[in-house]
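Chemist: Here's a structure for you.
The values are calculated or read from the model by the stated rules, or taken from the named source; none is laboratory data. Here the structure is a predicted model, which is why all the values come from computation and not from measurement. Backbone-built Cβ (ideal geometry, glycine too); neighbour counts: all protein chains shown. Surface accessibility is based on the protein's heavy atoms, side chains included, excluding ligands, DNA and RNA. Shrake-Rupley method; radii C 1.70, N 1.55, O 1.52, S 1.80 Å.
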Amino acid sequence: MDSYQRIAESFQTTIEAATMTVDGLAENLSLASELLVNALLEDRKVVTAGSGSLRAMASLFAEQMMGPGALERPALPTITLQPLADNRGSSADESLARQLRALGQAGDVLLIVCGDSSECHGAIAAAAERSMHVICICVSDSSGMLATGERLHVSIAAADERSCPALATMAVTTLVELIETGLFGTE
């Protein structure tokens, strides 16, 4: 198989995965954007975090919120947490939880991107302790955590798991677009 054919198949697989998952993602992405818009209108901040290689998705979200965006607008208050080196053997999740206890305020929103919600249990619990809202974008089929109370779960699952990072990127950038539209309308 030549390179072009391999590239075309890879793109086609991701396009098919996006088409198959949009119905399952649309409602919770819409709810997530409403929660974020309301928090921002109440002068709250968004705290982002991620586990493993998915930290990049949390950073992408924050970068797009702080950057100029598709519309001419001010930077939107967003902080990205990174696990801190700890000589006591704490896990990345424990490190994030500690930071959330120090920085999180009631009404703020934690947007966490992880392989599944169990990877971020400590951070989610710390956000709850601080009366923060939680949006968990899980790049797996983690049906164990659904939208309940102050927690919203967006599960990104695809038959071909190699498509999941691309779908997560699409979900994060779409979420930023929905927030911009909710705050500033359309041009």
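Chemist: For Met57, only one of the following conditions fails: (1) closer than 19 Å to Ser163 by Cβ; (2) open to solvent by 40 Å² or more (accessible area, probe 1.4 Å); (3) under 16 Å from the mean Cα position of the chain (by Cα). What is its number?
Modeler: (2)
Chemist: Tell me, please, whether a residue that is at pLDDT 95 or above, open to solvent by 50 Å² or more (accessible area, probe 1.4 Å) and of a type in the set (S, T, N, Q) can be found in the range 26-44.
Modeler: yes
Chemist: On the given criteria, is Glu16 modelled with pLDDT under 95, open to solvent by 20 Å² or more (accessible area, probe 1.4 Å) and either touching a Ser or Thr at 6+ places or on another chain (Cβ under 9 Å) or under 12 Å from Leu111 (Cα atoms) (or both)?
Modeler: Details: modelled with pLDDT under 95: yes; open to solvent by 20 Å² or more (accessible area, probe 1.4 Å): yes; either touching a Ser or Thr at 6+ places or on another chain (Cβ under 9 Å) or under 12 Å from Leu111 (Cα atoms) (or both): yes.
So Glu16 passes the test.
Chemist: Now for a separate question. Given the conditions (1) surrounded by fewer than 21 Cβ atoms within 10 Å (Cβ to Cβ); (2) within 24 Å of Arg162 (Cβ to Cβ), report the number of the one that Cys114 does not fulfil.
Modeler: It fails just one condition, (1).
Chemist: Yes or no: Ser95 more than 17 Å from the chain's Cα centre (by Cα) and among the hydroxyl-bearing types (Ser, Thr, Tyr)? Let's see the steps before the verdict.
Modeler: Numbers: more than 17 Å from the chain's Cα centre (by Cα): yes; among the hydroxyl-bearing types (Ser, Thr, Tyr): yes.
Criteria met by Ser95.
Chemist: Has the range 71-81 got at least one residue that is over 18 Å from the mean Cα position of the chain (by Cα), open to solvent by less than 80 Å² (accessible area, probe 1.4 Å) and farther than 25 Å from Gly104 by Cα?
Modeler: yes
Chemist: Same structure, new question: Within the bounds of the range 72-90, is there any residue that is acidic (Asp, Glu) and touching a residue at least 24 places away in the same chain (Cβ under 8 Å)?
Modeler: Checked the range 72-90: no residue is acidic (Asp, Glu) and touching a residue at least 24 places away in the same chain (Cβ under 8 Å).
Chemist: If a residue counts only when it is at pLDDT 90 or above and closer than 30 Å to Phe11 by Cα, which helices (runs of 4 or more DSSP H) contained entirely in the range 69-187 have at least 3 such residues?
Modeler: 164-184
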